[in-house]
1. Within the bounds of segment 68-84, is there any residue that is surrounded by fewer than 22 Cβ atoms within 10 Å (Cβ to Cβ), farther than 26 Å from A111 by Cα, among the small types (G, A, S) and free of Cβ contacts under 8 Å to residues at least 40 places away in the same chain?
2. Counting residues that are at pLDDT 90 or above, which helices (runs of 4 or more DSSP H) fully inside segment 130-192 reach at least 3?
3. Determine which member of the set L30, L6 is under 14 Å from the mean Cα position of the chain (by Cα) and in a helix (DSSP H, G or I).
4. Is there a residue being closer than 23 Å to V181 by Cα, of a type in the set (F, W, Y) and in contact (Cβ under 8 Å) with a residue 40 or more places away in the chain anywhere in segment 120-133?
5. Counting just the residues of segment 55-67 that are of a type in the set (D, E) and not in a loop (DSSP other than H, G, I, E, B), which one comes out surrounded by the most Cβ atoms within 10 Å (Cβ to Cβ)?
6. Sort through V40, V47 and tell me the only one that's of a type outside the set (D, E, K, R), modelled with pLDDT of 95 or more, in contact with a helix residue (DSSP H, G or I) (Cβ under 8 Å, 6 or more places away or on another chain) and part of a strand (DSSP E or B).
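The values are calculated or read from the model by the stated rules, or taken from the named source; none is laboratory data. Just so you know, these numbers come straight off a predicted model, no measurement behind them. A quick note on method: Cβ atoms are made from the backbone with ideal geometry, for glycine too, and the neighbour counts reach across all protein chains shown.
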Amino acid sequence: MIAGVLLAAGGASRFGSPKPLAELDGAPLLEHALDAMLAVPAIEDVVVVLGAQAERITAEVDLEGARVVVCPDWSEGMAASLRCGVQALRDCDWAIVTLGDQPRVSAQVIAAVVDHAAGVPPAVAAVRTTYDGAPGHPVALARSLLPSVLALHGDVGARDLLAGAAVRTFEAGHLCDPADVDTPEDLEALRT
C-alpha cells in the first residue's frame with residue numbers, strides 16, 4: 001500500500017497568519033496540496049498533519065478524503081510533524097511526503113514519484129524529487145526507512161536521514177513550480 005503524508009503543522013511566523021488558510025485561485029493553500037495528493041489513485045491513505053491553528057484550519061479547509069492528525073509538538077519543527085504523520089500511517093510500503101505550502105506541486109509530479117518508487121530495487125530506501133537539481137518534495141520513503149523517521153528531531157525533516165540512505169532522484173523541474181509560500185510576497189508571486 002502507498003500512503004500520503006501532507007505536512008501543514010507549522011506556525012507560519014514569517015507569513016504572519018495561518019498559511020494553510022491563505023487564498024490562492026479561490027481556495028486555501030492547503031486544499032491545493034491536498035487535492036493534488038488525493039488525485040493520485042495509487043495513494044490509498046492520506047494523512048494531513050496539523051499543529052498551529054488546527055481547529056480553525058479543520059473548520060475552514062475542506063479536508064474530506066484525508067485523515068487529520070494534530071501534532072502536539074508542532075513547534076519543535078518539521079521533524080515532529082513528520083514523526084506524527086508516520087506514526088499515524090497504517091501499514092504501507094511507501095509514504096509519499098508533501099508540504100502544505102507548495103500549492104503548485106501537481107498530482108502529475110506526485111504520481112511520477114509513486115511510479116518511480118514502485119520501480120526501484122529493494123535496496124533503494126527513498127525517491128526524492130529534484131527541481132533543476134535541487135532537492136525538494138514530494139519525497140517517497142520506503143517502509144524500511146519509516147522506523148528511523150521516529151528518531152528525527154529539529155526543523156529539518158528527513159534531510160539527514162536521506163543523506164545516509166540509498167536515494168533515487170527524479171527531476172521534475174519541467175513539470176511544476178515547486179515554490180513554497182513562506183511570506184505574503186511569495187504568495188503574491190504565485191498569483192502573478
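1. no
2. Details: elements: 146-149, 159-163, 184-191.
Hits in segment 130-192: 146-149.
3. On inspection, the qualifying residue turns out to be L30.
4. Yes, because at least one residue in segment 120-133 is closer than 23 Å to V181 by Cα, of a type in the set (F, W, Y) and in contact (Cβ under 8 Å) with a residue 40 or more places away in the chain.
5. Of the residues in segment 55-67, the ones of a type in the set (D, E) are 55, 60, 62, 64.
Imposing the further condition that a residue be not in a loop (DSSP other than H, G, I, E, B) reduces the set to 55, 60.
Details: E55: 9, E60: 15.
For segment 55-67, the residue satisfying everything is E60.
6. On the way: V40 fails: part of a strand (DSSP E or B).
One residue alone meets the criteria, V47.
Residue-by-condition table, conditions (1) touching a strand residue (DSSP E or B) at 6+ places or on another chain (Cβ under 8 Å); (2) over 25 Å from S144 (Cα atoms):
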{"position": "S17", "(1), (2)": "no, yes"}
{"position": "A42", "(1), (2)": "yes, no"}
{"position": "Q53", "(1), (2)": "no, yes"}
{"position": "V69", "(1), (2)": "yes, no"}
{"position": "W74", "(1), (2)": "yes, no"}
{"position": "R83", "(1), (2)": "no, no"}
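Conditions tested, residue by residue: (1) assigned to a strand (DSSP E or B); (2) over 15 Å from L6 (Cβ atoms).
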{"residue": "A79", "(1), (2)": "no, yes"}
{"residue": "R83", "(1), (2)": "no, no"}
{"residue": "C92", "(1), (2)": "no, no"}
{"residue": "I96", "(1), (2)": "yes, no"}
{"residue": "R104", "(1), (2)": "no, no"}
{"residue": "V109", "(1), (2)": "no, no"}
{"residue": "A112", "(1), (2)": "no, yes"}
